[in-house]
């Protein structure tokens, strides 16, 4: 197996851009990623595109904008984890020696309102069971029941996310909010209020990967980030969990795989991106990743433990809640943020102390992807 | 008594006017599912037996939904719960009530009618069973 590095990343700001086409969104993101990597487009040998709500084959249009070089272009649809899957496929292709330079693109344009997660004529949809925040909300109710956590603790995560987003010029929401505003916003699915939901968004993200042996042709190693490990999966059948059941069994299982492959332990991780489509998710996932003890996560985050200058900085770019969540673009955007952090290029939101190890967790209807990175 | 045709007759039917909640039991490992599955999610066996689920159970966890999701016939606010029936099936179900919901509370399933473009159709909902009335 060969060592694979991330050479560069780029973003189109996340937000609402109804007037822009997919190519309008991806062009600046891909251009920034290529320039950041020092890689000319002619050197890209394969491209993987993560997207959800786009016409068939849209990946060809966004990549071919840079030139008709005839490379394979793969369209990946895996709901909210589409572009982390695209990234994993690119990583595997290089690791296995099939290619040396790959481009990963994530892009999305979304309508306002709750997303549709299943066929609209299905029984579950008609009977009000297909509610994106309700899965998180039901786990939050279990968590509060078991551990005595409060709605205020979950609301404080939104305050932290918006504070980080205010430091990110690419974030959809760049305005801090107070806990009073979060709690007073409209209830969506108890205990989750509107300001604890990730928005629907338009946006794009891009990454350039290369084999370490070829990366020297394009930039110096101080700009690289090594892909140290990966883990991917979907939910397995769970026995009746009873009173003590794991709220995130898939993340628990995959974290063990990730840490073993990367040769790291939770204490080694300096900066984290987790999939916080709704605020309670940040808590469950930090606990499942072993970054905080079970039952302590809500209090830990509420008391500043996951702040940029806290012991476990989480979602430093504002996360899905504040940076925004254009579904197909989110996974690669998380990786762009880790690249900025490990290079020390994150500006006002830079994690202090020269972080060396970063981890991403991206999940959704399509499954869970986790990646570990080393400077 | 049936009030309307089921939204999905694979979920429940009426047999001699009695509610029949459809379930499946794995012949290999005994796992039970509602709605019924063709193959076992637990052990991947293809040998499944049709069963009728017990309409009594308990709330594993719940949320009160305040915004109508796309395609839903249920008027918010309503309760969306993970329910476990006494016969072992675990699944999502709504209640048209929102007051008094607690983890572990006893529930009883019934059908309710919902207006659709093609007339009234029936779906499964649950009601809380008042404390002291739950059968052991």
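No value in this document is a laboratory result; all are computed from the given coordinates. Quantities reported herein were computed from a predicted structural model and do not represent experimental measurements. So basically every Cβ, Gly included, is an ideal-geometry build from the backbone, and we count neighbours across all protein chains shown.
Remarks
- In terms of other Cβ atoms within 10 Å, B:26, A:49 run from fewest to most in the order B:26, A:49.
- Most mobile of A:281, A:242, A:331 in a GNM of chain A (Cα contacts under 10 Å): A:242
- Extending 7 Å from Cα along the Cβ direction at residue B:75 and again at residue B:127 yields two label points whose distance is 1.8 nm.
- Based on Cα contacts under 8 Å between residues 6+ apart, chain A shows a relative contact order of 27 percent.
- Taking the DSSP bridge list for chain A and keeping only pairs wholly inside it, about 70 percent are antiparallel.
- Least to most buried among A:175, A:20, A:160 (fewest other Cβ within 10 Å first): A:175, A:20, A:160
- Per residue, the average separation of C-alpha pairs within less than 8 Å and at least 6 apart gives the stretch A:315-373 a relative contact order of 26 percent.
- Extended-chain gain in nm, criterion 0.36 nm per residue less alpha-carbon gap, residue A:237 and residue A:252: 4.0 nm
- Considering only beta bridges that DSSP places wholly inside the stretch A:231-375, some 70 percent are antiparallel.
- Where labels lie 7 Å past Cα in the beta-carbon direction, separation of residue A:35 and residue A:146 in nm: 4.8 nm
- For chain A, built as a Gaussian network whose Cα springs stay under 10 Å, the top-fluctuating residue of A:140, A:236, A:86: A:236
- Neighbouring Cβ atoms from other chains, within 10 Å of the Cβ of residues in B:32-43, number 1 on average.
- Choice from A:228, A:189, A:210 showing the highest fluctuation, given a GNM over chain A with Cα pairs closer than 10 Å: A:189
- Added length on full extension, which subtracts the Cα-Cα distance from 0.36 nm per residue, residue B:110 to residue B:49: 19.6 nm
- Helix A:132-147 axis, angle to chain A major axis (alpha carbon atoms, nearest 10°): 50 degrees
- Summarising the label geometry, the points placed 7 Å from Cα in the beta-carbon direction at residue A:296 and residue A:98 lie 4.3 nm from one another.
- The slack in the chain from residue A:179 to residue A:120, taken as 0.36 nm per residue of separation less the alpha-carbon distance, amounts to 17.7 nm.
- Across peptide A:120-126, the average count of Cβ atoms from other chains found within 10 Å of a residue's Cβ is 6.
- Rounded tilt (10° steps) of A:22-37 against the dominant C-alpha axis of chain A: 70 degrees
- With neighbours defined as other Cβ atoms within 10 Å of a residue's Cβ, the residues B:82, A:36, A:257 order from fewest to most as A:257, B:82, A:36.
- On Cα atoms only, tilt of A:327-343 relative to the major axis of chain A in degrees: 80 degrees
- For the stretch B:54-136: rounded, prolate or oblate by the Cα gyration tensor [a/c cutoff 1.5]: prolate
- Cα gyration tensor category, rounded, prolate or oblate, for the protein assembly as shown with a/c compared to 1.5: prolate
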